[in-house]
Structure formats: structure tokens, C-alpha cells
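Encoded as C-alpha cells, the structure appears first; notes follow it.
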Amino acid sequence: MTKTQKVDKNDSKNNAKTVKYIFVTGGVLSGVGKGITAASIGAILKAKGYNVSIQKCDPYLNVDAGLLNPVEHGECFVTADGKETDLDLGHYERFLDFETSKFSSVLSGALYQELIEKERSGGFHGKTVQMVPHFTDLVQEKIALAGAKSDIHIVEIGGTVGDYEGLSFIEAIRLFANRVGRENCLYVHVVYVPWINTSKELKTKPAQNALKDLRGFGIIPDVVVCRTERPAPRAICEKIAAFSGIDKDAVLNLPDIESVYDVPFNVLKSGVLEILDKFVGSDTEPDMARWKEFSRLREKKWAKTVRVGLVAKYVGNEDAYICVTEALKAATAWEKCNIEIAWLDAEKLTDEELKSVDGIVVPGGFGVRGAEGKIRAAMYALENDRPYLGLCLGMQMACVAAARRGGMKNAGSEEFGAGEGENVIYIMEDQKGKESTGGTMRLGDCPAKLKKGSKVAKIYGEGHVVERHRHRYEVNQKFLPEIEKGGLVVAGTSPDGKLVEFVEGTNSKFFVATQAHPEFRSRPLNVHPLFREFVKAMK
Ligand code: GLN
């Protein structure tokens, strides 16, 4: 090879050749665990020692998930670099213990926006701009970009194959094999196999049709995962294989299981490991010791149960607070106790309810609905020395409660109409006028310096921390004397001291609240210290 022919490591095309890609699609129905399957495969590969990344492509026309309703879509997950994404990225971070980025979430709306902006600025030099190749090329670029630094990059395609809006993504991942070589791509199709109660049998026809659809788009999967409510007899998988022209050893069954954290074990049992080993070219045993330990602790019935009151606006929709509940559940497992989450409706909250719990969490939120209940919860915790963990809005409401205790009867938040003189929480200078638009908040990682000697600094074990944010309002430091009189002190601020990042109770066993969302950084195998200490305080 002459000098000029040398492979340029910065050339993404050459680089992409060394990365292995796993594409996960769904058939029959969405919502049957495609994301968890993808994340579990990732966790196994990571346990084999690979550097694994993962990405979600969603065909929605939204530009990001910032304005999506949490009732319908679940929690909005924020990446370290400040992108508002859907909750799947939270699963990815929990399963892979890695940081997703703005490249990890691709929504059609953002891709269209990019293409149209390029077209408007003359970037296509007069060419007709089309779904193929322009849109499909852009999808491929996003995949190559997100996977560039990994050994293995997993891409989950949202929705179900055959959905009108998702076709261009399927075409893009088919084309991707031409770009990097078919041998570097593994296509995994997750299909639902329904149980028909009247005839007491599993029906394979929808799965067969789903595979026919995928084949129609030019993709013959390397692995078919049959999702069933109960374990399927081998014959069912073999029937699907026979009717779809797929090797029978490549059709696997993943029955429902109680905890999503046991899915990696189910995946291992299913026989997928042999296929993965062949694909990546290594049969190193995955080291699942920590996962096993977590599973053991989680399943054990402990003598102690902690009852956590989660004061929420969207009660009954666990997905709207999934990072918070997952962090709490994992914390209790490692702290060797059971957990019972009491969903307390912020709009109807009573003192009896607050009395019945060992600790109170007030999570993030927007809008006035339920605000008084959240203030009341913080007040109760301050007055009755009940462990309290305030997350974002939960810190703002804690400061309002403290200011009221400190003599400001009408203390409130500008978000809910509090005016000059009572706005303990007020809008950040650079957020003025942007109240109702997407992507305009203070988003993603922001540093904070912690007060020496504070409880928060002790919990973190360091003085400088970085946490993810998503908010427009902040503590008005003019009212710190009232807040302090009411029982809270500032435990951490932004490095320039302008923004309050942490407060803590002066006379409380555990009263910690932060403007950030530490729940986004908590992992089942690596629980965030604030959640662990909160659980410890409740025991
Ligand atoms: N609504 C508050 C704000 O915008 C809190 C946001 C949140 O809890 N994520 O500042």
C-alpha cells in the first residue's frame, strides 16, 4: 500500500466498516418489548467486553420529544448534551450503563427539517429532493455518526414494519448493508405471537405475514424473536421458520417475564448468544455477575419495606415518571429492602396520605395543576421531618414551602402566576418570552459546585458535580433569607453562584432537593447516590 492509499481513520466510510450494526425492527404490533430486547442484546454484548452504542429511529413527524404529552408518551428523557427524547433512551442508559447523546435519537421531523433547510439554502444545487435517496441517505448518515466510535451499534426502528410512515427507515437500513457489507449487519425482527384463548393455541399467522412484509422490503432477518405471553413450544418457532424461509435455529422465543431486568437472562436462554457470537466473531462468556446479583437482590423478600409517596400529576401512568421509579426500585434492592410506591395525586393530597409513607418524592413537572399539593407535601416533610427528595419542580416547590414557613404567606412561582414580591421561583433571564416553545429550556448537563460541609456534598463525595437539567424557572435568591428561616439552605449553586442547584433541610434527617434530574443518571447496577441515601433515610 502506498502512502496515499493508506486507510484514513477519519474517513467515516472506512471507519464504518469496522463497526458491526444490529438493526431491531418490529412486526405485528408495537409495544411488545422491542426496545427492551434491543437493550438486552446490548447489555449482553457489553458484558462480553464490547463497546456498544444504541440508537432509536422514530418515524414521528415531531422534531424532538420535548412537546410530547407524558400521559400518551411517557416521560421525556433528556440526554447529557441536552436533547429531549423519548423514554426508550432511558432504558438504553439503564441497560447499557452508558450515556446516550443527541445522535442516539432520530425523529423524522428533525430529518425533514434538516433536509428542507438545506434545500432552502440551495444546498441541493437545483436537484429534486426525494425520500430516496435524500431522506434515506440522511438516515444512514445519522446511523453511521451515532455508531462511529463503537464496536457494535444497535439501531431500533420505532413502530411496526409496514407502517406507512416508517417505510423510508426500513429502506435506509436495507441500504445500509450495501454501505458497510451485509456481514457487518444483523437484522433482528421482533414479532408478536398471540395466544387465542378460545382455541387455546398460539397463532403464527400474524408473524408469518409480518415476516413476509419485511421480506417484501428486501430484508431477510438473521434473528426472529417471537414474543409470547407464555413460553412457546419449539414447534411454534419452527413453524414460523419453515413458513418464512428462515433457519429454524434463528427463530427464538422470548416469553413475558416479570421484570424487564430479567430479559437479558431470557435472551441468553433463548439461544441468541450463539448467533451473536458468530456475528461478532468471539465466544467470550458474557460477564453477567452484577446483573445476577441485582436480580437476586430484587427478587428477595426483605424484612423491611419502605413506602414511598410519589406526589404526581399523572397518577397511574408509571411511564410518565419511569426514571424516578426505576431509580427508587433499584436503590431499594441494593439497600436490601422492599419498596411500595404510593401514588399520591397532587390535586387531592391529604395529610393522612402523607402520614402513611416513609418518605416523599416530588418529581419534575410543568404547569399549575397540582402545585399546591406538591407545596403541601414539602411543607409536611419539613414539619414532620419526613425524608424528602425533590427533583426539579420538587425543589422549586420545597423552596416555596420553606418561604411560606419563613413568613411569606403568598410565596409562589412565576410559572403559576406569582408576581413581584412573592415569586420565590421566577423565570430565568434567558428564558423570558420562550415559555411555550420546544427545545428552549435549560437542557442537559450543567455543572454545580457544592457547599463544603453540606449533606449533599457528603452524599456525592465531591465538591463539583454535573447533572442533567430541563427547566425554565429558578430560585429567586432575593428570598433566600425567608427560605432559610423556613428550614432550607442552599447546598449547591452553578459555578458562578447565579443559579441555585441544591437545597437541603437544616433540621431534617434527609431533605434534599435539586434543580436537576439526577434520576436520568441512575442505573440499576450503579444507583445514583441521592436515591440510595433517600432510601437509607427511610429504612
Ligand atoms: N416547570 C418547572 C420549570 O420549568 C420545573 C420543570 C421540571 O420539573 N422539569 O422550571
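All of the numbers you see were taken from the coordinates with simple rules; none came from a lab. Quick caveat, the model's predicted, so the values are computed rather than measured. Note: ideal-geometry Cβ built from the backbone for every residue, glycine included; neighbour counts use all protein chains shown.
Give me the extension gain from K478 to K432: residue separation times 0.36 nm, minus the current Cα-Cα distance, reported in nm with one decimal.
Gain on extension, K478 to K432, equals 14.7 nm.
Under the definition of Cα pairs under 8 Å and six or more residues apart, what whole-number percent is the relative contact order of segment 262-415?
20 percent.
Using alpha carbons only, how many angstrom separate the centre of segment 69-146 from the centre of segment 310-338?
28 Å
What FRET efficiency comes out for the pair E372/N51, r = Cβ-Cβ distance, R0 = 51 Å, nearest 0.05?
Plugging the Cβ-Cβ distance into 1/(1 + (r/R0)^6) gives 0.60.
With r defined as the distance between the Cβ atoms of D277 and R230 and R0 fixed at 25 Å, what FRET efficiency is calculated, to the nearest 0.05?
Calculated value: 0.35.
Could you tell me the relative contact order of the chain? Use alpha-carbon pairs under 8 Å, at least six residues apart, and round to a whole percent.
Relative contact order of the chain: 15 percent.
Compute the Cα gyration tensor for the chain, then decide on rounded, prolate or oblate, letting a ≥ b ≥ c be the square roots of its eigenvalues: rounded whenever a/c is under 1.5, prolate when a/b is larger than b/c in the other cases, and oblate in all that remain.
Verdict is prolate for the chain.
Per 0.36 nm of contour for each residue apart, how much would the distance between D137 and K536 grow if the chain were fully extended, relative to their Cα-Cα spacing?
Residue separation times 0.36 nm, minus the Cα-Cα distance, leaves 138.6 nm.
In terms of Cα to Cα distance under 13 Å, which aspartates and glutamates are near enough to K313, apart from those fewer than 8 places away along the same chain?
E75, D345, E347, E372
For segment 228-279, compute Rg over Rh where Rg is the Cα radius of gyration and Rh is the Kirkwood radius from the inverse mean 1/r over Cα pairs.
0.99
Per the Cauchy relation, a quarter of the hull surface: what is the mean projected area of the convex hull of the alpha carbons in segment 49-173, in nm²?
Mean projected area of the Cα convex hull: 8.5 nm².
Take the cross-link list K374/K434; K329/K458; K329/K478 and give me the ones stretching past 29 Å between alpha-carbons.
The answer is K329/K478.
By a straight-distance test (C-alpha under 17 Å), which aspartates and glutamates pair with K432 as possible cross-link partners, with residues fewer than eight away in the same chain excluded?
E414, E415, E420, E474
Calculate one ³J(HN,Hα) per residue across segment 418-423 by plugging θ = phi - 60° into the Karplus curve 6.51 cos²θ - 1.76 cosθ + 1.60, and present them in order as whole Hz with x for glycine and proline.
Coupling constants for segment 418-423: 5, x, 3, x, 9, 7 Hz.
Determine how many Å³ per residue the convex hull of the Cα atoms of segment 51-93 encloses.
78 Å³
Using helices alone, I'd like the mean residue ellipticity at 222 nm for the chain: each DSSP H run of four-plus residues gives -39500 (n - 2.57), total over residue count, nearest 500.
Counting only the DSSP helices, I get -10500 deg cm²/dmol.
Figure the gain on full extension for I257 and W302 (residue separation times 0.36 nm, minus the Cα-Cα span) and round it to one decimal in nm.
14.1 nm
Measure up K239/K269; K102/K127; K409/K485; K48/K292; K300/K539; K355/K539 against 22 Å on the Cα-Cα distance and list the ones that go over.
The pairs that break the limit, which is 22 Å between Cα atoms, are K102/K127.
What are the residues whose amide H is under 5 Å from the amide H of G26, where those residues sit 5 or more places off or on another chain and H is modelled from the backbone?
Under 5 Å from the amide H of G26: V161, V190.
I need the semi-axes of the equivalent ellipsoid of segment 13-123: take the C-alpha gyration tensor, multiply each eigenvalue by 5, square-root it, list largest first in whole angstrom.
Square roots of five times the eigenvalues give 24, 20, 14 Å.
Could you work out the Kirkwood radius for segment 254-303, taking every pair of different alpha carbons, averaging 1/r and inverting it, reported in Å?
Value: 12.4 Å, from the Cα pair sum.
Under a plain spin-label model, where a point goes 7 Å from the Cα along Cα-to-Cβ, how far apart in nm are V71 and N384?
Reported label-point gap for V71 and N384 is 2.9 nm.
Per the Kirkwood formula on distinct C-alpha pairs, the Rh of segment 440-539 is how many angstrom?
Evaluated on segment 440-539, it is 14.0 Å.
Output needed for segment 240-382: three equivalent-ellipsoid semi-axes, defined as square roots of 5 times the C-alpha gyration tensor eigenvalues, in descending order, whole Å.
Those come to 42, 19, 12 Å.
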